[in-house]
Amino acid sequence: MRWRMATVSAGIHSVYNGIEDMLLSLARDIDDAVPTGPSAHQDVLDQMAAEIAGTRPALLDLDLYEALTEIKGFRHLVRHRYGFDLKPEKVVENLALLRKTFPVFLAAVTALEKTMKGGDDHDGGNGKPAG
């Protein structure tokens, strides 16, 4: 059981790292400002939850921001405990939260992309090719 929880925890850690990498890329490519320093992990969430007038809307709504903040905290525990000595119920809880949050995050990134393109998704907005 201990190894199973460590493995699941490592998976959650890796997926969150991927999400954070995407947020950092967006911060660099769109905002032209990447958080650094000891609070950078939280700062990138704060930055992406805020609208930047004339540049982009907020990427993260309050629910998504709170969910990612929770998963970030769990990721911190995994990183510093190496997946061991974690309470199994917290592992299961964070896995469920990630499974719920990840599709919402992908939808938010997709919506941002459409907004940044001016809503032109080449299908007329109806899922069918234009033409």
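The values are calculated or read from the model by the stated rules, or taken from the named source; none is laboratory data. Everything numeric here is computed off the predicted structure, so don't read it as measured data. Because the Cβ atoms are built from the backbone with ideal geometry, glycine has one as well, and the counts that use them run over all protein chains shown.
With respect to (1) of a type in the set (Val, Ile, Thr); (2) at pLDDT below 95; (3) over 30 Å from residue 7 (Cα atoms), the lone exception for residue 78 is condition (3).
Each residue in region 1-51 was checked for being under 20 Å from residue 79 (Cβ atoms), β-branched (Val, Ile, Thr) and surrounded by fewer than 16 Cβ atoms within 10 Å (Cβ to Cβ), and 2 pass. Is it fair to say residue 119 is of a type outside the set (Asp, Glu), at positive phi and at pLDDT 95 or above? Judged against the criteria, residue 119 is not a match. Residues in region 89-113 that are loosely packed, with under 13 Cβ neighbours inside 10 Å and not small (Gly, Ala, Ser): 89, 92, 99, 100, 103, 106, 110, 113. The conditions of being under 18 Å from residue 102 (Cα atoms) and modelled with pLDDT under 95 are met by residue 8.
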